[in-house]
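The values are calculated or read from the model by the stated rules, or taken from the named source; none is laboratory data. Since the model is a prediction, treat every value here as computed from it, not as a measurement. Cβ placement follows ideal geometry from the backbone for every residue including glycine, while neighbour counts extend to all protein chains displayed.
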Amino acid sequence: MRLKLILPMLFITGVLSAQTVKDWFTKPSLAAASQITEKYSVQDNKFKTIPLVMLKASFGQNTPFTVNLLYDIPNTQFLTVEAIWQPIHQIGIHIGLQKMLFQYETTFAPYSYGIIGYSQASSYLGGYSSDYTGISSRSRDWGLVLQGSFWPEEGFSKLSYAVGVFNGNGYNFKDDNKAKDIHGRLVFQPNRNLTFTLGGMLGYYTPLHEDGPGHHHWHTDEGLACRRRITAGVWYDNGKLFVRSENVYGKTDGMMSDGAMVLLGYKFLSRLQLSSRVDRFQRDLTDPLSTSTKLDFCFTHYLTKDRTIYYAIQYGHNFFSDSNIPGTDTIMVCLNLALLRKF
């Protein structure tokens, strides 16, 4: 499948004009980011260090054809290998390894929300390390996407869409079946401060990747398990106060799950920010004791005006509906350093 994606990218490059190719190579945007997160679990008295070092390169900015590359140094693998052909705002083609579409929260890095880490729904249903399918892909996959926007305003468009076909096994697993995932997302932004989002995903996966207990194993005749995701969100940000919320409903091999998060934050003294998040997730809708509710409180200090260098301190407490499971407390400290260079 990867070869099938690379060949069209090479073809598109070959038909570019000489001037576009010149701008493509002479005006790149390069960035490096290093993020260290230290997580302390109070009950276990254990520390966990989460390193993140990435290199990013974008070629062909402000031209119809662009290429984005993102490389994860600690894991020695690409997270993004994406070619974009956008001749007009209304229609564009994205091809390669890229972010999956159905969930809006994972479109951005968590620090842009003023919090450390994604919600439980993103972790369990969005392709991250705890995904119920067993497919860990950091919400990325190989695919072909049609994307566009309408009614542009200064800095945003009132309506945008994206629909695509993806391998369905992320980038960590070989594409070992013929089933593909269909993704879609619709974003309505009536003004600069307010955004409404809808998303969905329809697909199958190979249950051999399953590693979570309690699955119903309602497999198809082809030996595949179903995966369905539906999302809806509301996002408000006036530059100082921001409120963000997203609900994710998922069906994973017959097991139905639901998660919702509400994030509230306030920016003060230009570079200081306080954020809090209520994050509720029910793993199995037929089991009322499978609910987990997490509260997070985060303080962030941006050391630079462009908000690329900062440190954050976050406290979180997790409540469980099952009285036999005690609550847990975590303390997280994050330091982020980024460097951007445009030519």
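A few notes on this one:
- Flag for residue 309 being touching a Leu at 6+ places or on another chain (Cβ under 7 Å) and surrounded by fewer than 20 Cβ atoms within 10 Å (Cβ to Cβ): yes
- Among the residues listed as 150, 102, the single one being of a type in the set (A, V, I, L, M, F, W, C), in contact with a strand residue (DSSP E or B) (Cβ under 8 Å, 6 or more places away or on another chain), crowded, with 24+ Cβ neighbours inside 10 Å and more than 18 Å from residue 277 (Cα to Cα): 102
- The stretch 43-71 residues that are under 30 Å from residue 328 (Cβ atoms), paired with ones that are surrounded by fewer than 12 Cβ atoms within 10 Å (Cβ to Cβ) (beta carbon under 8 Å, 6 or more apart): 43/326; 51/74; 52/74; 53/74
- Screening residue 142 against (1) touching a residue at least 60 places away in the same chain (Cβ under 8 Å); (2) crowded, with 19+ Cβ neighbours inside 10 Å; (3) within 24 Å of residue 246 (Cα to Cα) leaves a single unmet condition, (3).
- No other residue among 317, 301 is surrounded by fewer than 16 Cβ atoms within 10 Å (Cβ to Cβ) and over 30 Å from residue 57 (Cβ atoms) apart from 317.
- Test for residue 128: is it free of Cβ contacts under 8 Å to residues at least 24 places away in the same chain and within 19 Å of residue 173 (Cβ to Cβ): yes
- In the stretch 99-123, the residue that is nearest to residue 242 (Cα to Cα) out of those that are touching a residue at least 12 places away in the same chain (Cβ under 8 Å) and assigned to a helix (DSSP H, G or I) is 113.
- Hey, residue 78 modelled with pLDDT of 90 or more, more than 23 Å from residue 298 (Cα to Cα) and outside any strand (DSSP E or B) or not: no
- Only one of the numbered conditions (1) more than 23 Å from residue 226 (Cα to Cα); (2) surrounded by fewer than 20 Cβ atoms within 10 Å (Cβ to Cβ) is not met by residue 129, and that is (1).
- When the stretch 293-319 is limited to residues that are out of contact with any helix residue (DSSP H, G or I) (no Cβ under 7 Å at 6 or more places or on another chain) and basic (Lys, Arg), the one that is farthest from residue 335 (Cα to Cα) turns out to be 305.
- Every test in (1) under 27 Å from residue 302 (Cα atoms); (2) at pLDDT 90 or above; (3) of a type outside the set (Lys, Arg) is passed by residue 111 save one, and that test is (2).
- Yes/no for residue 50 being exposed (fewer than 14 other Cβ atoms within 10 Å of the Cβ) and of a type in the set (A, V, I, L, M, F, W, C): no
- Hits in the stretch 145-160 (condition: free of Cβ contacts under 8 Å to residues at least 60 places away in the same chain and either among the hydrophobic types (A, V, I, L, M, F, W, C) or closer than 30 Å to residue 332 by Cα (or both)): 145, 146, 151, 156, 159
Rundown of residues vs (1) aromatic (Phe, Trp, Tyr); (2) in a loop (DSSP other than H, G, I, E, B), yes/no style:
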residue	(1), (2)
151	yes, no
161	yes, no
170	no, yes
175	no, yes
178	no, yes
182	no, no
185	no, no
201	no, no
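- Only listed residue being touching a strand residue (DSSP E or B) at 6+ places or on another chain (Cβ under 8 Å), at pLDDT below 90 and surrounded by fewer than 16 Cβ atoms within 10 Å (Cβ to Cβ), chosen from 335, 339: 339
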